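Below is one structure, written out as C-alpha cells; comments come after it.
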Amino acid sequence: MTAFTVITKVQAAVELRVVASKTNDSSKEVFNSGGFRYIPHMTLAPPIVLTIAGFDPTSGAGVTADIKTIAAHGCYGVTAITALTVQSTAGVRQVSAVDPQMLTDSLEELNADVKVSAVHIGMLGSGEVARRVAGFLEAAKLPNVVLDPILRATSGASLLDQAGVRVLTEKLVSLANVLTPNTEEAAALTGMKVESVDEMKQAALCLHEMGAKGVVITGGNLERAIDVLSLKDEYVQIFRSDRVNAENTHGTGCAFSTAITCQLAMGRSLSAAVLMSKAYVTAAITNGYQIGKGPGPVNHMYQMKNHPKAAGLSRKLASGRD
C-alpha cells in the first residue's frame with residue numbers, strides 16, 4: 001500500500017466538514033472537524049493608548065515620539081494632533097494649532113472605534129484646542145488620563161497661550177488622573193518657587209487644591225534626579241536617582257509621562273508606574289544619540305537594539321537562510 005493510499009483512506013475516514021461556532025468571546029472560533037477540535041490562534045490586541053499632542057518634525061518629542069514610547073511598552077498607540085511646529089534639534093521656530101473641529105472629530109471617531117485604556121495629553125498649542133480636549137474628556141469618561149502640562153520648549157519658545165493655560169488650570173487639571181509637571185511648570189502653575197524637595201511637596205499640595213488627583217513633579221534639573229509623587233489625601237513618595245551626564249535629552253518629559261500612561265494602561269499602580277517609567281527614561285537618556293546640530297533625542301527604542309530575539313533575527317536575515 002502506497003503512502004498516498006494511506007493518506008487517502010485517512011482523509012476518507014475523517015469527514016472534512018468544518019463547522020465554525022462562535023463563542024461569546026468574538027476573538028475565538030471553535031472548529032469541529034470529524035471529531036477533532038481546533039482552536040485557531042488569534043493575537044489579542046494590546047492595551048490601546050491615545051496620545052493627544054503636537055507634532056515635532058524631529059520625532060524627539062510630540063506624537064511621533066509618544067508612539068515610539070508606547071510601542072516600546074508593548075501597547076498600541078493612536079493619536080490626535082493638536083498643533084504643528086517648525087522645529088529642528090536647534091529649537092522651535094513656529095507653532096500652529098490645528099483646526100479645533102478637526103481635532104474634535106478625530107477624537108470622537110477614534111473613541112467610537114477603539115477601546116482606549118489610557119490617555120496621554122501633551123502639548124495643546126492654544127486655548128480653543130485645550131477647550132476642545134477638555135470637552136472631549138468630560139464626555140468620553142476615559143480611564144487613566146495623564147496630563148503633561150507643556151508650557152514652553154527647552155529653547156524657550158511658548159507652546160501654550162494664556163487662554164490655554166487658563167483652560168489647563170481650570171478644567172484639565174481636575175479631569176486628569178495624573179499630572180506630570182517639571183519643577184518649572186509646577187512653579188508656573190502654582191506661582192510658587194519650586195527648587196527643592198520640600199518646595200516640590202508644597203507645590204503638589206497646591207496642585208491638589210486646584211483639583212489634581214495624582215501629581216508627579218519631576219526634578220531633573222536638581223543636583224540629583226528627584227521626582228515627587230503625591231496622591232491626594234493618601235501619601236507622598238520620593239524617587240531618587242543619580243543624574244545622567246548626557247547632552248541628548250530632547251523629549252525626556254514626553255517619554256516619562258507617556259511611559260506612565262502605558263504602565264497605567266497595563267494595570268499597574270501609579271507608584272509602580274512612576275518607578276518603572278523613571279528606569280525606562282534613565283536608560284533611554286543613557287542610550288541617546290545626536291541626529292542634528294542641537295541636542296539629540298532620548299533613545300525611545302533602546303530595548304529593541306539590545307533584544308536577543310531581534311539580534312538573532314537580524315543575523316538570520318543577513319545570512320539569507322530560511
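The values are calculated or read from the model by the stated rules, or taken from the named source; none is laboratory data. As the structure is a computational prediction, the values presented were derived from the model and not from experiment. Here the Cβ is made from the backbone with ideal geometry for all residues, glycine too, and neighbour counts use every protein chain on show.
Could you please give the count of residues in region 133-150 that are assigned to a helix (DSSP H, G or I) and crowded, with 24+ Cβ neighbours inside 10 Å?
Kept after step one, since they are assigned to a helix (DSSP H, G or I), are these residues of region 133-150: 133-140.
Next, from what is left, pick out any that are crowded, with 24+ Cβ neighbours inside 10 Å: 133.
Within region 133-150, residues that are assigned to a helix (DSSP H, G or I) and crowded, with 24+ Cβ neighbours inside 10 Å number 1.
For residue 208, the conditions (1) on the phi < 0 side of the Ramachandran plot; (2) touching a helix residue (DSSP H, G or I) at 6+ places or on another chain (Cβ under 9 Å) all hold with the exception of (2).
Restricting attention to region 156-215, which residues are part of a helix (DSSP H, G or I) and of a type in the set (D, E, K, R)?
Filtering region 156-215 for residues part of a helix (DSSP H, G or I) gives 162-175, 183-190, 197-209.
Residues satisfying the conditions are 166, 170, 171, 184, 185, 198, 199, 201, 209.
In region 42-54, which residues are in a strand (DSSP E or B) and surrounded by 20 or more Cβ atoms within 10 Å (Cβ to Cβ)? Spell out the reasoning first.
The initial filter retains those residues of region 42-54 that are in a strand (DSSP E or B), namely 48-54.
The answer is 49, 50, 51, 52, 53, 54.
Test residue 81 against the stated conditions and say whether it is in contact (Cβ under 8 Å) with a residue 24 or more places away in the chain, assigned to a helix (DSSP H, G or I) and touching a strand residue (DSSP E or B) at 6+ places or on another chain (Cβ under 7 Å). No. Looking only at residues in region 173-216 that are among the polar types (S, T, N, Q) and under 24 Å from the mean Cα position of the chain (by Cα), the one that is surrounded by the fewest Cβ atoms within 10 Å (Cβ to Cβ) is 174. Checking each residue in region 203-231 for being of a type in the set (D, E, K, R) and either closer than 13 Å to residue 271 by Cα or not assigned by TED's automatic domain parsing to the domain that holds residue 147 (or both) picks out only 227. None of 160, 103, 107 is crowded, with 20+ Cβ neighbours inside 10 Å and modelled with pLDDT under 95 except 160. Only residues that are buried (at least 18 other Cβ atoms within 10 Å of the Cβ) and under 20 Å from residue 67 (Cα atoms): list them for region 111-132, please. Listed by number, the residues that qualify are 111, 116, 117, 118, 119, 120, 121, 122, 123, 124, 125.
The set of residues in region 90-117 being without any contact (Cβ under 8 Å) to a residue 40 or more places away in the chain and part of a loop (DSSP other than H, G, I, E, B) consists of 98, 99.
Of all residues in region 56-73, those that are outside any helix (DSSP H, G or I) and free of Cβ contacts under 8 Å to residues at least 60 places away in the same chain total 1. In summary, residue 222 fulfils each of the numbered conditions (1) buried (at least 24 other Cβ atoms within 10 Å of the Cβ); (2) farther than 25 Å from residue 64 by Cα with the single exception of condition (1).
Residue check: is residue 189 at pLDDT below 95, over 23 Å from residue 240 (Cβ atoms), out of contact with any Phe, Trp or Tyr (no Cβ under 6 Å at 6 or more places or on another chain) and aliphatic (A, V, I, L, M)?
Details: at pLDDT below 95: no; over 23 Å from residue 240 (Cβ atoms): yes; out of contact with any Phe, Trp or Tyr (no Cβ under 6 Å at 6 or more places or on another chain): yes; aliphatic (A, V, I, L, M): yes.
Against the criterion (at pLDDT below 95, over 23 Å from residue 240 (Cβ atoms), out of contact with any Phe, Trp or Tyr (no Cβ under 6 Å at 6 or more places or on another chain) and aliphatic (A, V, I, L, M)), residue 189 does not qualify.
Test residue 222 against the criterion of being touching a strand residue (DSSP E or B) at 6+ places or on another chain (Cβ under 6 Å) and of a type outside the set (Lys, Arg), and give yes or no. In short, no. Of everything in region 73-100 that is farther than 9 Å from residue 54 by Cα and of a type in the set (S, T, N, Q), the residue that is nearest to the chain's Cα centre (by Cα) is 79.
Entry remark, region 223-279: residues being of a type in the set (Gly, Ala, Ser), part of a strand (DSSP E or B) and out of contact with any His (no Cβ under 9 Å at 6 or more places or on another chain) number 2 in total.
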